[in-house]
1. Of all beta bridges DSSP finds with both residues in the chain, what is the antiparallel percent, to the nearest 5?
2. Go through the range 59-64 residue by residue and turn each phi into a ³J(HN,Hα) via Karplus (6.51, -1.76, 1.60, θ = phi - 60°); whole Hz please, and just put x for glycine and proline.
3. Using amide H atoms built in the peptide plane, which far-off residues or other-chain residues are under 5 Å from T90 H to H?
4. If you take the beta carbon distance between S27 and Q110 as r and set R0 to 30 Å, what does 1/(1 + (r/R0)^6) give as a FRET efficiency, to the nearest 0.05?
5. Ranked highest first by the average count of other Cβ atoms within 10 Å around their residues, in what order do 87-100, 40-53 fall?
6. Please arrange F7, F67 by accessible surface area, largest first, computed with a 1.4 Å probe and ligands excluded.
7. Can you classify the range 63-105 as rounded, prolate or oblate using the Cα gyration tensor, where a ≥ b ≥ c are the square roots of its eigenvalues, rounded means a/c under 1.5, and otherwise it's prolate if a/b beats b/c and oblate if not?
8. What are the residues whose amide H is under 5 Å from the amide H of C95, where those residues sit 5 or more places off or on another chain and H is modelled from the backbone?
Amino acid sequence: QLQFVEFGGGLLQPRGSLRLPCAASRSISTFDGLAWYRQAPGMQRELVAHLTADGTTNYAVAVTGRFTIARDNAKNTVYLQMNAMKHENTAVYFCNDDVQTKAYWGQGTQVTVSS
């Protein structure tokens, strides 16, 4: 059974950068779409970035131009590069496929932006 494990979170200051890796327990090469999501305190989980197998990307409006999603099929890993971080980017970040398969959810990784 596939599971995603997110890591790399932490505390950073506004305008800082962070890269989150998400490792899959098996090959991700068969996934057409992979995505990063986040859940802020008291909020529902939301889509942050989406990447298709052909390299097409889509981003939430709030992160466009600052976040970049990438995948390395050889390493079974999905990445989220986050730049110019803001307080409102504080959340638990998750990766999953683009249909949010329930069984694939990991624990997420906490990212806190604070001065």
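1. Working: 33 of 36 bridges.
Here the antiparallel bridges make up roughly 90 percent for the chain.
2. Per-residue couplings from phi come out as 10, 4, 4, 5, 10, 4 Hz.
3. V113
4. Numbers: r = 27 Å, r/R0 = 0.91.
Approximately 0.65, to the nearest 0.05.
5. Details: 87-100: 18.4, 40-53: 14.4.
Ranking, from highest mean packing down: 87-100, 40-53.
6. Values: F7 100, F67 5 Å².
The ranking, largest first, comes out as F7, F67.
7. Details: a/c = 2.55, a/b = 1.42, b/c = 1.80.
Since a/c reaches 1.5 but b/c is at least a/b, the shape of the range 63-105 is classed as oblate.
8. Under 5 Å from the amide H of C95 lie the amide H atoms of Y37, G106, each far enough along the sequence or on another chain.
The values are calculated or read from the model by the stated rules, or taken from the named source; none is laboratory data. A quick note: this is a predicted structure, and the numbers were derived from the prediction, not measured. Note that each Cβ is placed from the backbone with ideal geometry, even for glycine, and that neighbours are counted across all protein chains shown. Remember, those area values only see protein heavy atoms, side chains included, never the ligands or the DNA or RNA. Shrake-Rupley method; radii C 1.70, N 1.55, O 1.52, S 1.80 Å.
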